[in-house]
Each structure stands twice: as C-alpha cells, then as structure tokens.
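I have placed the structure first, in the form of structure tokens, so that the comments after it can refer back to it.
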Amino acid sequence: MEKRNIPYIISYIFELLFVFLFALFYRQPLFSVLLLMFLTIPFISLYLTYIETKHLSVSVECKNSAGVMGEDVVFLIRPEHKGHIPLLNCRMDFFCDNLYYKNEKKNEITFPAEKLKDREISLPYTVSYAGMIVFKAQNIYIPDYLHLFTFKKEIDICIEIPVLPNETPVKKSVIKRPEYAGDEDEISNMDGEKSRDVKEIREYRPGDKLRDIHWKLTAKTDEYMVKEYESVKELFITLLPELVKDDLQDTLSSFYSIGKMLVRENEPFYVCVETGPGYFEKVLVTDDSSLMISLYKLYEAPVHEDGSAYDEYAERSGNPGAYYRTKGKLV
C-alpha cells in the first residue's frame, strides 16, 4: 500500500459506514445487499488486479541510435497486456540521466494497459550535453480497481544512448604522426617497446627508404648499405583526453573533432582512457565504429576536479612527449 491509497481507503470506509447505518436503522433488504456488496467488492478487486498484473509487461526502446546536443532523444514505451480485464492506471517510475551529470531525479508516467491493443507512448528527453544518457526503469505500480491497494511488479529496463559532442573544424597540422626514434639497429615505439628488429644488412636497392640506410657501414664500405627488418610495428598517434569537470564538454568536442579528422584521413590512432585511479586502457581507432567505442569508454570514465591523468600516465610510461593531451580546446 502507498500513501496515495490512503484517501481512497478513508473514503471507502466512510461509504461503508454510511451503508451500514442505513442497513441498521431502516432494516431494508436493499441496504443489506448493498452492505454485503461493499464488504466483498474490495476482495474481488484485489484478486482480479493480482491476476491481471501477472499478464502485464512493458518494453522500452529509443527511437534514436545516438543523440545530438540540443535535440530530443525519444523513448518509446510499449505496454503489453495479455489478460482479459484492462488495467487502467499503471504507473512506471524511471530515471533518465547523463552519466556525467547525475541528479537521480525520479520520474513517473501513467498509462492504461488493455488486451490486444497496441499502445505506444512517446517520451521525449531533451539533451543539453554530450555524454551517455541512461534510461532505467525497475518497477511498475498497479492499483486495484478501487485504488485501495497498489501492487508492485518488478521489471529490468536499462537503455544507454550516446549523445555525440559537437564537431568543430580541426587543422591537420595540429596532430602529427610520431617520428621514428632510436639507435642505428633498433627503433622504439611510443610505449618503449622495440618496433622494428633488424634482420640483415644488405646492399641498397631502388625503392629502399632513406631512413633505412645504415650510415656507419655505408661510410666504411663506400657503398649504400640498407637495414632489412624482421618485423614492423606502425607508430600510431595516441590521444589522451583529460576529463576535467570545468571544461569537460570542450574536451569531448576537441577529442571527437580530432578523431573524426583522423578517421577521414585514414590515419589509425590510439585513445588512452583512464578507467580508474592509476589504470589506463588503450583503444585502437581505425574507423567510425571504433571511434564510437572509444567515445563510449570515455563516457564511463571518471571525471576529475583538476587535470592529473596525463601527468600520471606520463610518469608511468616514461615517455610523456609521445601522447597528445586533449584538455578543453587545447591539444
């Protein structure tokens, strides 16, 4: 029973008392029948509602695959009732929040549920910020036909809809592929691992790259000698977005704009995401799909009061210059 049932209960008690007094003083068969009906109807109402509640289900889906800042994300609520008697005042409590800006405000929507009648309720939600919008619903409340008692039916609905940041123009010169660095025989990548292993030294052939020439040996032999490598690992650009509360939206916009530019240029890159204090995960981005995956991981990452993730990762990796720090509008 809920607090909103109390007025109906009090009202019904007064009506029952009124019929009882008439039956007591006037002693008419009609009033006795009415009194009997008033005593039995609540039990019938409770029993029928209990049975019909078992046949009620609710599904929710989002009309949008992704949201756009400043526009509505539309959720479609579809009640399905396979019972025989309609349930007219079903209430579903739900939460709809941006993971970055949680307010835990409970909302509710009331709808009827009738057998074999398709009903679709549109629920618009205006999004103002980039982030992951989460729609959660766990309970449906169904009052009996007299509103004397409310049944609770548990459901498990959770829908996540990403809201994309604004894309702004980015100059290609802002981001540059890392240069090879290292000694004559090995080249280290941005994580300090050997990226190329020398297989053999051979004479120069047309088409060999200038950077592969072994200059020391060339000087001794007076012939161009070239290093042939066992394997090659590409050195990719790595973006590390710094999620700071005050400029969070600008950071997301800068990261997304750079990511879209690199994808259009067919330039693979890594995204370094802080998953917890001192823990980082790298995501390889090669197309729009993997860019969205990296964005989803950012939406679940912790937000800080000040920037610390980049400095912490630079200290751990020992190679701070290898990563592009994205913070606000700065890269």
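Take VAL170 and decide whether it is in a strand (DSSP E or B), closer than 30 Å to LYS329 by Cβ and touching a residue at least 24 places away in the same chain (Cβ under 8 Å).
No; evaluated as a whole, the condition is false for this residue.
Looking only at region 259-280, how many residues end up being at pLDDT 85 or above and loosely packed, with under 14 Cβ neighbours inside 10 Å?
Applying the first criterion (at pLDDT 85 or above) to region 259-280 yields 259-273.
Those still in the list that are loosely packed, with under 14 Cβ neighbours inside 10 Å too: 264-266.
The number of residues fulfilling the criteria is 3.
Exactly one of these conditions fails for VAL73: (1) touching an Asp or Glu at 6+ places or on another chain (Cβ under 6 Å); (2) surrounded by 15 or more Cβ atoms within 10 Å (Cβ to Cβ). Give me its number.
(1)
This table checks each residue for (1) assigned to a loop (DSSP other than H, G, I, E, B); (2) touching a residue at least 60 places away in the same chain (Cβ under 8 Å); (3) in contact with a helix residue (DSSP H, G or I) (Cβ under 8 Å, 6 or more places away or on another chain); (4) closer than 30 Å to PRO165 by Cα.
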site	(1), (2), (3), (4)
PHE14	no, no, no, no
SER32	no, no, yes, no
SER45	no, yes, no, no
GLU80	no, no, no, no
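Would region 100-112 turn up any residue that is among the polar types (S, T, N, Q), in contact (Cβ under 8 Å) with a residue 12 or more places away in the chain, part of a strand (DSSP E or B) and under 26 Å from MET292 (Cα atoms)?
no
For region 268-300, give me the residue count where each residue is within 17 Å of SER254 (Cβ to Cβ), hydroxyl-bearing (Ser, Thr, Tyr) and within 19 Å of the chain's Cα centre (by Cα).
2
For residues that are aliphatic (A, V, I, L, M) and in contact with a Cys (Cβ under 9 Å, 6 or more places away or on another chain), scanning just region 281-311, find the one that is modelled with the lowest pLDDT.
By that ranking, first place goes to ALA309.
The values are calculated or read from the model by the stated rules, or taken from the named source; none is laboratory data. The structure displayed is predicted, hence computed values, not measured ones. Here the Cβ is made from the backbone with ideal geometry for all residues, glycine too, and neighbour counts use every protein chain on show.
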